[in-house]
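Written out below as structure tokens is the structure these notes cover.
All of the numbers you see were taken from the coordinates with simple rules; none came from a lab. The structure displayed is predicted, hence computed values, not measured ones. Positions of Cβ are generated from backbone atoms using ideal geometry, with glycine treated the same way; all protein chains shown enter the neighbour counts.
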């Protein structure tokens, strides 16, 4: 695909918006990048998902991670365990996705987004935790 100036600007804006969302609320990949690539760039669902993975699996969020780490909001053990699960799950999930028709993958994606939205809107209870204090302290984070 040859990129026009308009396409470059759209892609940069998608990256900027998803980076802002990621730094602000911890999401940006599947929640923003995939729909944006489908809508603005006319990608198929699988093209959007593949490119989103290519973007996110590189260390693009390192500065946001560093800020949260310095503030004491990252538990290294948790990050390593979830990352291990992500690697294994990503392998099998991508194998499954590539065997399904694009329309089915798009519908699965939409259903997951609806379920997450409904949970956030109606099911999640407010936690009685001071949102200004880290969940763990730095000395506990680095012990494995």
Inset, instruction - Once you have a ≥ b ≥ c as the square roots of the Cα gyration tensor eigenvalues for the stretch 5-141, tell me rounded if a/c is under 1.5, and otherwise prolate or oblate according to whether a/b is larger than b/c. - result: prolate
Inset, instruction - Using a 10 Å cut-off on Cβ atoms, rank the peptides 15-23, 43-51, 78-86, 60-68 from the highest mean neighbour count down. - result: 43-51, 15-23, 60-68, 78-86
Legend entry - Ranked list, fewest to most other Cβ atoms within 10 Å of each Cβ, for 122, 109, 39: 122, 39, 109
